[in-house]
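**Student:** One structure, pasted below without further comment.
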Amino acid sequence: MFHSRAADARPPVTAAPGHRNNESHAIESGLTLAPPVTDADVLVIGAGAAGLNAAAQLVQAGRSVLILEARERIGGRILTHRDPELGFPLELGAEFIHGNAPATSELLSHAGSFAIDAGGSRWSVRDGHSSPRGEMFGAVHRLMSQVSSIGEEDLAVEDFLARFASDDTLQTARAYARMMVEGFDAADPRRASVRAIAREWESMEGGQFRPATGYGELLEVLARSVTHSRLRLQTVVQSIDWAGTQVRVSANSAAGPLEVTGRCALVTVPVSLLQLPPEVQGAIHFNPPLAEKAAALRGIALGPVIKVLLRFRRPFWETLQAGRFASAGFLHAPDCPFPTVWTQLPARVPLLTAWMGGPRAQRLEGCDSAAIIQSALASVRQIFRMGPELQEELAAAYVHDWQADPYTRGAYSYITVGGGGAPEALAQPLRGVLFFAGEAASAEGSGTVEAALQSGQRAAREILHCLQSSRASP
């Protein structure tokens, strides 16, 4: 699965699943395809964090569940690997726990794991000069605090920033604000709601952590809890008929066409798939169409992200410039192709993550892995002011372009201009037979694994209530 260093001394170029060269690196679920089935109480579409957590809650309550997953693996936008030479979880998808995360904490406890504080100092890199983050991000937050005083109901982030274009003292703050919107939120500043971004940033507190053993292991625990139920991998849902009192799902599976029925269905696929026109390959056909969700779907977008993991022979940055970066956690460089690079502190391993989101990532759509890796290396070279010797330090590289992944078509969601309330509207059940979960259907902290887990719990409660009510009806 992972390549060793090539004979010509060039590092291996490795792409994650869904990238255009189709090299496969999957979370090993240890789960086999389920035997043929025809019905269940609940059909769950998608085996990511939301779907698996909902399924676990439903199975615990004694309901029969069938999970249909298009991929050959579980996890969705969680994609964890282990490099045998590193012995450390490599997160090509979700990586961090942001602030207070009760659902994640509960899962960590259930898995016998814990969270590690993703510490380290933060650095700003501009015009070839690096400095501790200092007041720069304070200036960004002061800039964004002025959102509350705008007269309009809402504005795009870019339109808001344009109001300060003539203030030379805010030029750097504007650049870093734009970088954060594109990077942290994977959003297009021309489309993202400045009110939603400001609210999100105001609520960011409680630190940033990583699951000690990686997110993949946590989802394995959830998957094992539903194995006495049923999980079908490599099963691509094509249509969902919810016109009657039950739900009928048609899919293409590894074993051939499949039709299943359930008393209800929980849809947890990324919002980008729900937004596809019916004629586009990969779209799910709903009968009747999801007219009630049209406004909500217009208020949410799924941002693109390209993530590159660079494994080096040694953590060279710890000794550069008399050890200046020995405690560096995050390095922010708006002028670089990949504007954010981070280490794995507190673990001192020879691994750097290069991150690109928003319009920058969108412009690289279709690029091959080798070109993306070279772009990431160029960013690292610029940040640390290194030369060609950096190439010789590289031992392996791993890439995932989430916008090129056919089962996500993006990374995580953000609210577009005028889209306030869209996550809550998306989450609303339809006629007691069609339910929705996923990070985009969470009013609190959308864009996170915590949001996905919580939405799964919320949907499971709604489903159980509806099923109990229907049983009690005469």
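Throughout, read-outs are computed from the coordinates displayed, never taken from laboratory work. Small disclaimer: the values here were computed from a predicted structure and weren't measured. Positions of Cβ are generated from backbone atoms using ideal geometry, with glycine treated the same way; all protein chains shown enter the neighbour counts.
**Student:** Kindly rank 105-112, 377-384, 437-444 from highest to lowest mean number of other beta carbons found within 10 Å of each residue.
**Tutor:** Working: 105-112: 15.5, 377-384: 20.9, 437-444: 26.5.
Most protected by this proxy first, the peptides run 437-444, 377-384, 105-112.
**Student:** Continuing with the same structure: Would you mind getting me the FRET efficiency between SER145 and ALA291? Use the beta-carbon distance for r and R0 = 35 Å, nearest 0.05.
**Tutor:** 0.35
**Student:** Using label points projected 7 Å from each Cα along Cα→Cβ, tell me how many nm separate GLU153 and THR227, to one decimal.
**Tutor:** It is 5.2 nm.
**Student:** Okay, next question. So what's the gap between the Cα centers of segment 296-375 and segment 135-170, to the nearest angstrom?
**Tutor:** 26
**Student:** Taking the Cα centroid of segment 80-105 and of segment 442-461, what is the distance between the two, rounded to the nearest whole Å?
**Tutor:** A separation of 18 Å, based on Cα centres.
**Student:** Also, quick follow-up: Which value at 222 nm does the chain reach when only helices count, each DSSP H run of 4 or more adding -39,500 (n - 2.57), with the total divided by all residues and rounded to the nearest 500 deg cm²/dmol?
**Tutor:** Values: 14 runs with 134 residues, N = 474.
Value at 222 nm, helices only, nearest 500: -8000 deg cm²/dmol.
**Student:** Next question. Would you work out if segment 35-104 is rounded, prolate or oblate? Take a ≥ b ≥ c from the square roots of the eigenvalues of the alpha-carbon gyration tensor; rounded if a/c is under 1.5, else prolate when a/b is larger than b/c, oblate otherwise. Write down the numbers at each step before the final one.
**Tutor:** Details: a/c = 2.92, a/b = 1.63, b/c = 1.79.
Oblate is the answer for segment 35-104, as a/c is 1.5 or above yet b/c matches or exceeds a/b.
**Student:** Now for a separate question. Compute the separation of the alpha-carbon centres of segment 171-240 and segment 113-127 and state it in Å as a whole number.
**Tutor:** Measuring centre to centre over Cα atoms gives 18 Å.
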